[in-house]
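Below: the structure, in structure tokens.
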Amino acid sequence: MEMGFTLAWIDYAIMIIYFIFVLGIGWALKRHMKSASAFLEAGRSMPAWVAGLAFISTNLGALEVMGMTGSGAKYGMLTTHFYWVGAIPAMVFLAMFMMPFYYGSKARSVPEYLKLRYDEKTRGLNAILFAVMTILASGISMYALAILMEKVLGWNFHLSLVLSAAIVLGYTYLGGLSSAIYNEVLQFFIIVIGLLPIVFLSMRDLGGWSGMQEQLAPIVTAKGFAADTWTTTWKYTGSGKANPMGVEWYSIFAGLGFVLSFGYWCTNFLIVQRAMAAESTTAARNTPLIGAIPKMFIPFLIIVPGIAALVLMNTPGKEFALPLNEAGQPIYDYTIIMLLKQYLPAGVLGLGITALLASFMSGMAGNVSAFNTVWTYDIYQSYIRPVTGDKIADEKHYLVVGRLATIFGILVSIAAAYLASLFGNIMDFLQTIFSMINAPLFAVIFLGMFWKRTTGHAAFTGLLAGFTIALIHHGLTYPEGADTLVKGGWIYHLFAYPVEMAQNFWTAIFACSTSAIVTVGLSLVTKKIKSDEELKGLVYSLTPKLNEEKVVWYQRSSTLAVFVLAIAAVLTVLFW
Amino acid sequence: MGVDIKFPIGLMFSIFGLMLTLYGLFTSGDEVLYSRSLGVNINLWCGLGMLVFGVIMLAFAWKAKKKKEA
């Protein structure tokens with residue numbers, strides 16, 4: 001299947017205008033970048049709606065858009081578990097119970113919260129892991145972008161890599177975190193508007209939702225599943241064999257709904273940083289809640305077209321096929337690209353391609369702006385050059401360091417992108433490792449926020465223990481049919497999971513519970529070093545409750561939270 | 001931060017909206033071009049939609065500016 005497509009002048013014009021705006025925003029913010037806190041923390045001045053859209057846009061990177069559309073074709077509406085149960089409860093929890101401590105503690109990063117709550121070594125461990133992880137993630141995303149540009153538009157791999165890196169560097173260097181956040185808002189709108197025509201046209205082509213259901217039935221039954229498996233969410237999760245994901249309701253609930261999603265949404269600094277940049281405690285709490293509203297509807301934008309693609313693939317007259325990899329398997333990640341090609345004429349096509357480029361850039365810029373903050377505050381300021389006491393000179397110094405870290409981050413990302421192009425498996429390997437870091441971190445931060453007895457030694461050991469158990473579990477189990485050791489089983493083949501996803505869920509569950517057990521156990525036997533006074537603002541029971549009584553009921557965070565949960569519940573019931 | 005993001009969003013989508021609306025008008029009736037989009041002049045509709053969105057954003061930006069000056 002030929003993937004490439006030719007763009008008309010209007011498509012290029014849209015793309016170029018978009019880049020002018022992206023860089024223009026950075027340029028306009030340049031004169032405000034006078035201190036490290038303006039550059040690295042956006043001066044804590046973002047209105048809730050801006051921070052909220054940036055919050056969700058950082059997560060709406062291209063790997064997410066491409067992956068989720070592919071999952072739509074592979075698993076159907078089951079993919080929405082990553083949204084309605086796998087994101088919304090965690091986002092509401094972050095907003096209601098964790099943001100007051102992250103924001104109220106005046107910590108500038110998640111590692112710094114760990115330092116304030118626990119001790120230096122816990123911060124150091126997390127900061128270093130996070131810095132390495134984000135920069136590699138940024139490289140992987142750059143690599144995916146360059147490959148895509150090469151295959152789809154016929155652009156030179158090296159040129160696309162350097163050009164996209166240069167644009168991201170341009171606007172993050174000029175305007176720092178503010179620039180990244182403002183551009184994420186712009187990217188959010190272009191991604192939504194750029195992909196809407198595909199939703200509209202694919203639904204029109206297949207005769208709407210009910211038309212699509214009818215045409216899906218024979219395709220899905222031929223695969224050995226019930227006719228409505230692709231258009232329902234919980235109905236066939238009684239047994240892992242009845243649904244294409246191979247998971248049961250309880251592992252979705254515990255693995256995805258609890259451990260993985262809370263680990264990702266509540267502890268990932270990349271995401272939390274957006275809420276920390278908000279202008280007030282209320283705005284910081286509302287950030288994830290406002291982000292949750294579009295998040296709930298994103299499945300209709302990217303998963304539903306993926307399901308439509310499955311119908312198209314199996315309808316001879318449509319001449320729709322996915323490109324194949326070396327093993328002759330369809331590359332599901334390219335579903336969205338092939339849909340763009342199928343339906344969009346010159347004009348909106350440019351918009352669609354720009355939307356994809358935008359989603360790549362928001363991923364990269366997010367990583368870079370989180371990296372430079374952690375590097376400057378948690379590594380450089382803590383271990384290399386501490387504050388001198390001269391506040392004005394310090395702010396200037398750290399501003400320069402933050403800017404240099406931006407350049408350094410981009411250069412290392414480019415190197416990582418080339419590494420990924422040399423060893424395809426490195427990508428899978430790194431992603432597996434990353435997923436092992438978040439789950440223990442959630443246990444440690446959660447215990448720290450809600451149990452004042454938790455000690456620094458216990459937290460540090462808990463993090464390491466959780467990570468070790470995750471590695472061991474991964475080494476002893478493997479998904480059926482795995483052909484490389486990267487997928488697991490590199491110690492011994494003790495247990496086989498039906499699919500990789502089930503293995504991932506259980507790795508996270510084991511990591512999180514081990515970390516929690518070790519942390520609780522050691523906290524009981526180690527001495528509590530920090531006094532209650534020092535822990536004020538960091539631990540739930542030692543912090544004065546936020547008083548929302550003065551706020552009109554419809555402006556309270558709790559009202560918004562109930563509203564968000566209610567919509568998620570309605571969507572779940574509608575697509576049960 | 002002294003910059004209202006509503007303004008660039010509004011401006012960019014107004015420009016895109018205008019471009020696609022005009023392109024849609026000039027190419028209307030081009031059956032080859034619109035065979036992909038099932039005969040729908042998707043450029044025209046998408047363009048008009050973006051134009052409306054862009055202008056609304058600009059109006060909000062303008063209102064916010066007035067309020068700030070007052």
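List of remarks:
- Cβ-Cβ under 7 Å pairs, at least 6 apart or on other chains, the stretch A:519-546 side free of Cβ contacts under 8 Å to residues at least 40 places away in the same chain, far side surrounded by fewer than 16 Cβ atoms within 10 Å (Cβ to Cβ): A:536/A:542
- Residue in the stretch B:44-54 that is hydrophobic (A, V, I, L, M, F, W, C), open to solvent by less than 40 Å² (accessible area, probe 1.4 Å) and within 8 Å of chain A (Cβ to nearest Cβ) present: yes
- The stretch A:39-66, residues that are among the small types (Gly, Ala, Ser), open to solvent by less than 10 Å² (accessible area, probe 1.4 Å) and at the interface with chain B (Cβ under 9 Å from one of its Cβ atoms): A:42
- Restricted to the stretch B:25-35, and to residues there that are more than 7 Å from every other protein chain (Cβ to nearest Cβ) and part of a helix (DSSP H, G or I), the residue that is most open to solvent (accessible area, probe 1.4 Å) is B:26.
- Comparison of A:437, A:392, A:410, A:433 shows that the only residue that is among the β-branched types (Val, Ile, Thr) and open to solvent by 50 Å² or more (accessible area, probe 1.4 Å) is A:392.
- Boolean, residue A:71 is among the polar types (S, T, N, Q), open to solvent by less than 10 Å² (accessible area, probe 1.4 Å), more than 10 Å from chain B (Cβ to nearest Cβ) and touching a residue at least 24 places away in the same chain (Cβ under 8 Å): no
- Some residue of the stretch A:240-257 being of a type outside the set (D, E, K, R) and within 27 Å of residue A:343 (Cβ to Cβ): yes
- Members of the stretch A:174-221 found to be among the β-branched types (Val, Ile, Thr) and open to solvent by 10 Å² or more (accessible area, probe 1.4 Å), listed by number: A:192, A:193, A:199, A:219, A:221
- Candidates A:170, A:194, A:211, A:176: the one that is away from chain B (no Cβ under 12 Å) and closer than 30 Å to residue B:57 by Cα is A:170.
- Each residue in the stretch B:1-24 was checked for being facing chain A (nearest Cβ under 7 Å) and not in a helix (DSSP H, G or I), and 4 of them qualify.
- Criterion violated by residue A:481 - all others in (1) on the phi < 0 side of the Ramachandran plot; (2) open to solvent by 50 Å² or more (accessible area, probe 1.4 Å); (3) at pLDDT below 90; (4) over 25 Å from the mean Cα position of the chain (by Cα) satisfied: (1)
- The set of residues in the stretch A:1-38 that are more than 10 Å from chain B (Cβ to nearest Cβ), of a type in the set (A, V, I, L, M) and free of Cβ contacts under 8 Å to residues at least 12 places away in the same chain contains only A:16.
- Residue A:181 meets all of the listed conditions (1) within 18 Å of residue A:411 (Cα to Cα); (2) at the interface with another protein chain (Cβ under 10 Å from one of its Cβ atoms) but one, namely (1).
- Among the residues of the stretch A:119-147, those that are assigned to a helix (DSSP H, G or I), over 13 Å from residue A:421 (Cβ atoms), of a type outside the set (Lys, Arg) and more than 20 Å from the chain's Cα centre (by Cα) comprise A:120, A:122, A:124, A:125.
- The residues of the stretch A:496-512 that are at pLDDT 80 or above and open to solvent by 50 Å² or more (accessible area, probe 1.4 Å), listed by number, are A:504, A:506, A:510.
- Residue in the stretch A:332-355 that is open to solvent by 40 Å² or more (accessible area, probe 1.4 Å), over 23 Å from residue B:32 (Cα atoms), more than 14 Å from chain B (Cβ to nearest Cβ) and part of a helix (DSSP H, G or I) present: yes
- Residues of the stretch A:6-38 that are open to solvent by less than 20 Å² (accessible area, probe 1.4 Å) and either modelled with pLDDT under 85 or not charged (D, E, K, R) (or both): A:10, A:14, A:15, A:18, A:22, A:25, A:26, A:29, A:33, A:36, A:38.
The values are calculated or read from the model by the stated rules, or taken from the named source; none is laboratory data. Please read these numbers as outputs of a predicted model, since none were measured by experiment. In this analysis, Cβ positions are derived from the backbone assuming ideal geometry, glycine residues included, and neighbour counts consider all displayed protein chains. Protein only, heavy atoms only, side chains kept; ligands, DNA and RNA dropped before computing areas. Shrake-Rupley method; radii C 1.70, N 1.55, O 1.52, S 1.80 Å.
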